[in-house]
1. Antiparallel as a % of all DSSP beta bridges within chain B, to the nearest 5?
2. Multiply the residue gap between A:Phe189 and A:Lys285 by 0.36 nm, knock off their C-alpha separation, and tell me the result in nm, one decimal place.
3. When only Cα pairs under 8 Å and 6 or more residues apart are kept, what is the percent relative contact order across chain B?
4. Set the Förster radius R0 to 35 Å, insert the Cβ-Cβ distance between A:Phe157 and A:Asp50 as r into 1/(1 + (r/R0)^6), and round the FRET efficiency to 0.05.
5. If you count the DSSP beta bridges with both ends in the protein assembly as shown, what percent of them are antiparallel, to the nearest 5?
6. So what's the projected area for chain B, the Cα convex hull averaged over all directions, in nm²?
7. For chain A, find the longest principal axis of its Cα atoms and tell me its angle to the long axis of helix A:293-315, 0 to 90°, nearest 10.
8. Give, in whole angstrom and from largest to smallest, the semi-axes √(5λ) of the equivalent ellipsoid of the range A:133-183, with λ running over the eigenvalues of the Cα gyration tensor.
Amino acid sequence: MPLDHTTQTPAATSQTDEARRQIEICNACRYCEGYCSVFPAITRQRAFADGDITQLANLCHNCRGCYYACQYTEPHEFAINLPKALAEARADSWERFAWPGFLAGPFHRSGVAIAVALIVGLAALFWAAQALKPAGGEGFYAVMSHTIMVSIFTPAFLLPLLAIFVGLRAYWREVGGQPVSLAHLKAAFADAVKLKNLSGGAAEGCNFEKGDRFTNVRRWHHQAVMYGFLLCFASTGSATLMHYLLDMPAPYGLFSLPKLLGIPGGLLLTLGGLGMAVLKTRGEKDLGAPALWGGEMAFVLLLSFTGASGLALYAATGTAAVSVLLPLHLGAVLTFFLLAPYSKMVHGFYRLAALVRDAQQKS
Amino acid sequence: MLGRTARRRREALSEITDKVWDVVVVGGGNAALCAAIEAAEAGCRVIILEGAPKTYRGGNSRHTRNFRCMHQGPLSVLTDSYEEDEYFNDLLLVTKGNTDEDLARLAIRTSESCLPWMEAHGVRFQPSLSGTLSLGRTNAFFLGGGKALVNAYYNTAADLGVEVVYEAQVKHVEIEGGRFQAVAVEIAGAAPCRVEGRTIVLASGGFQGDIDWLARAWGPAARNFLIRGTPYNRGVVLKDMLDQGADTVGDPTQCHAVAIDGRAPKFDGGIVTRLDCVPFSVVVNKDGERFYDEGEDVWPKRYAIWGRLVAAQPDQVAYSIIDAKSSTLFMPSVFPAVQSDTLEGLAEQMGLPAAKVRETVDAFNAACREGDFHPTELDGLATDGVEPRKTNWARPITEPPFYGYSLRPGVTFTYLGLKVDATARVTMEGQKLKNVWAAGEIMAGSILGEGYLAGFGMTIGTVFGRIAGQEAAKGATRGVNSNAA
Ligand SMILES: Cc1cc2nc3c(=O)[nH]c(=O)nc-3n(C[C@H](O)[C@H](O)[C@H](O)COP(=O)(O)OP(=O)(O)OC[C@H]3O[C@@H](n4cnc5c(N)ncnc54)[C@H](O)[C@@H]3O)c2cc1C
Ligand code: SF4
Ligand code: SF4
């Protein structure tokens, strides 16, 4: 029996195995129990199957508290870096569950791929605007007819949703998920709306951009993006309903529902996204999945750009700039939707699923 | 490029060596930080000389998880009350009376006001960790553990303008005519230098990192001991003070050791290497023989006893064997157990004489009797007719797979320390030194003469660290005045 050396040092194994190695050390330690939902979930078990690792990885919000609090980080031979290990296992799971799978790698790993997709999306929209220029129509619809927008965006919205659904189903199977009850959903949403797992356990936030000091800056920015996105989504949704159900086509005035939702939403999305991008340059790369950094950065910038171009479009209402800004904005939205299943955007869906699963395991 | 960094380093160094600091703090763990923060808040210019690199800053304090705290009513995360007398009695029990009652009571009484002080200086608490419910009333657990506490204190100290130098090993404390003048320091990448101060706080821990010293004190067996905490506590400052005639307390030949996983790293394995399987197991030495009652008491209480027991076995190693029915009754271990479907297979994998292990386990099994088994309390399920007896949780080891763990003594700290008074002042040949204070492990022997009470190390460090910082600050200002006069 090996007495004089440890078996708990990292070896060249899979990301899941490395995460498991670290989680087993944490389970013997438990000092980080108060930081987030990951540790209580760890302590409920003694052995960790691959599906358990996937679940824990998606439950982790990468607050990094457990890294700075860990007495076993390198150069210690236990070499704990749980935020990184879980980030890599998480990214690995997203690529595994993505459908069709070959799309996931490039967009997760490369900001350039996202930028290229954006340019293609923009070009497609400019082409559509040029080639299919409507004869009549008011406002936006003078630039692009409603029918064309709908025929582009309906599939561009539904197909990614289908892809995400397929991925989530695979996730649910791997983590051994059970039928979902209302109570589970309530618990999961209660965590999500407050981003409880980024609170560091003492509501002082996370350790992202200031090393071992806690701040809520990232949490607030993330909230801005999340709520900004939801408001924008609600704005578009309300406009669609107004168009079809109430026969009230765009443009809408300042005090209409789409604008009341869309303008604050756009502002939150733009500023929150920019903030996230700035924070990303300050955070330690090696406490996440370094290979994904570029893809994540491109994704937050894309989000921010989508918000900003939407606001610009509204500000330009009635001017000639609309003919440029409309395809610009719609091209960004198109790219965003199409990439949703293969970019950082999926994290929201998997994280929510992980929170639901966690609620099940707690009960 | 290189030239510039070298120049910058020289400049940084001269900033440290060109002035006379109000308070020089030696060490960078809990006691040092509490002292530095108190002194800085009193308006002093303070320098911390931490021997370890930044990643290993915080000594053994970074391995801790809780703080034992007196409280007359609910306090922060602590429920109910834990009064002075109960606390003191707990201390008397573990130290077998080997304590200084006045200093002990001072530490206990002051702990109550330390908790809010800790919170005000960035430490966050949480309810007791899973698996440690027995400490929920008496001990406040640090959110994120001791390293999070250490980080919070370093940030607080930085905000107060305290200068911190890492990889700064103090080699010698210059004391003349009962007065400290300067320390001799070796800072990584620089020539040895002197740092002058008006006062000094010594908070550099025990000497357990110096294996040669341990071996001199304990005997050659100590070379097989594992050190649970930092390798940087080598007692250099303690020895330097002893050589200059400082008064000491604590038994120089003793250290606090517990039985930990034999596969733990030589240093710094910390909390995760503890093994809680012993009460449910049969423990044999390398000859395959049992040597002590595995079921004497609930494990946390017997933890330290087993450190000594294992230290007395050949090669300072023992093996704990359980079977399938006990495999989930204790906290998970950091290393997976050795596992086999047969007892002989297990013995072979662990390098034990298989026939002898079989004989020992058979004899033990034959001595087990029917009865109710309660893993969480003393259940009185004892053996009958085997030596040594197992007095609780004695169930036959029969159900495969069988699991085995090796055990070795893991040293937590040493007892020998500097003698201090109630103001944490160090004495030399019975005389109080004018401007030297000590806090934490380096003086803990004054209060903890033997044994250990969970969470008391941090109590001693916090209480005396704060006192030392306050007293040194007073001394520094007095010193300025008297120098001027
Ligand atoms: C694994 C483990 C778990 C523990 N858990 C707990 C617990 O939960 N609760 C509790 O109360 N106690 C616990 N203890 C005991 C506790 O760690 C100590 O009592 C306490 O940390 C002592 O604090 P200190 O500041 O005196 O020493 P330390 O924190 O060890 O600090 C000593 C410092 O001095 C520095 N140093 C040493 N020599 C020199 C030199 N020559 N020059 C410059 N710097 C030097 C070291 O680098 C270090 O920073 C535990 C101990 C261990 C090993
Ligand atoms: S991250 Fe480190 S300190 Fe936290 S539970 Fe894991 S091993 Fe312990
Ligand atoms: S990084 Fe934060 S959220 Fe993730 S496991 Fe560590 S403490 Fe939990």
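Taken together, the values in this text are just the output of simple stated rules run on the coordinates, not laboratory data. The structure displayed is predicted, hence computed values, not measured ones. For neighbour counting, all protein chains shown are included, and Cβ atoms are generated from backbone atoms with ideal geometry for every residue, glycine included.
1. 70
2. Extra length from A:Phe189 to A:Lys285 when fully extended: 31.7 nm.
3. 23
4. For A:Phe157 and A:Asp50, the calculated efficiency is 0.60.
5. 70
6. Orientation-averaged projected area of the Cα hull: 24.6 nm².
7. 30
8. Taking √(5λ) for each eigenvalue gives 41, 12, 6 Å, largest first.
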